[in-house]
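Presented below is the structure to which this report refers.
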Amino acid sequence: MIVYMDSERVYHLTNKMLPQLQNINPDLKAYQKLSLFFINLINLGLANNDKEQTTKYIQSAKTHNSNFPNYLMEIKLLYFENLADFRFSNNVKSLKKCFTYIDIFKTTGYDKLVNECITDISLYNKFKNQPVPISEFTPTHTKHL
């Protein structure tokens, strides 16, 4: 997959993300690791404030998930779709939908994921219409599939 973002910025963000990716449970299957890779690409697109790439990453992740169906991944992608809409369009309805998905995560026992989602929303709300500074960017959603 070709990434059309500033290469130095992607390099720094990816390096910040690598320690968490390396700590992924080795028992996860390859398709689960690929799901996590897509989640992190989506986060990179959001952090770079790149609507086009974020949309492509979400679509690629949906295709991947249709080949290896995973209910949690499906909900995460719906969450990210709405988070992207909120990030790029400031659509409050999408933000409300994000909290609906967060409630689903709460009721299914994914408390850490709930905290990560709330962190995402705060971060992308804080840096509206601009890339998130590398020092502020914290990759998330890496251990939940």
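The values are calculated or read from the model by the stated rules, or taken from the named source; none is laboratory data. This one's a predicted model, so the numbers in the text were calculated from it and none came from an experiment. Please note: Cβ atoms are built from the backbone with ideal geometry, for glycine as well, and neighbour counts cover all protein chains shown.
One table, with the values for the structure above:
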{"read-out": "Among the residues listed as LYS76, LYS106, LYS97, LYS93, the single one being of a type outside the set (Ser, Thr, Tyr), under 14 Å from the mean Cα position of the chain (by Cα) and assigned to a helix (DSSP H, G or I)", "value": "LYS76"}
{"read-out": "Single residue of segment 133-145 satisfying the filter (β-branched (Val, Ile, Thr) and either surrounded by fewer than 18 Cβ atoms within 10 Å (Cβ to Cβ) or more than 14 Å from the chain's Cα centre (by Cα) (or both)) that is modelled with the highest pLDDT", "value": "ILE134"}
{"read-out": "Sole residue being at pLDDT 75 or above, touching a Phe, Trp or Tyr at 6+ places or on another chain (Cβ under 9 Å) and surrounded by fewer than 16 Cβ atoms within 10 Å (Cβ to Cβ), chosen from PHE68, PHE86, PHE38, PHE105", "value": "PHE68"}
{"read-out": "Residue match in segment 9-29 (condition: of a type in the set (Val, Ile, Thr) and at pLDDT 90 or above)", "value": "no"}
{"read-out": "Residue identified as touching a helix residue (DSSP H, G or I) at 6+ places or on another chain (Cβ under 9 Å), basic (Lys, Arg) and closer than 24 Å to LYS126 by Cβ among LYS62, LYS76", "value": "LYS76"}
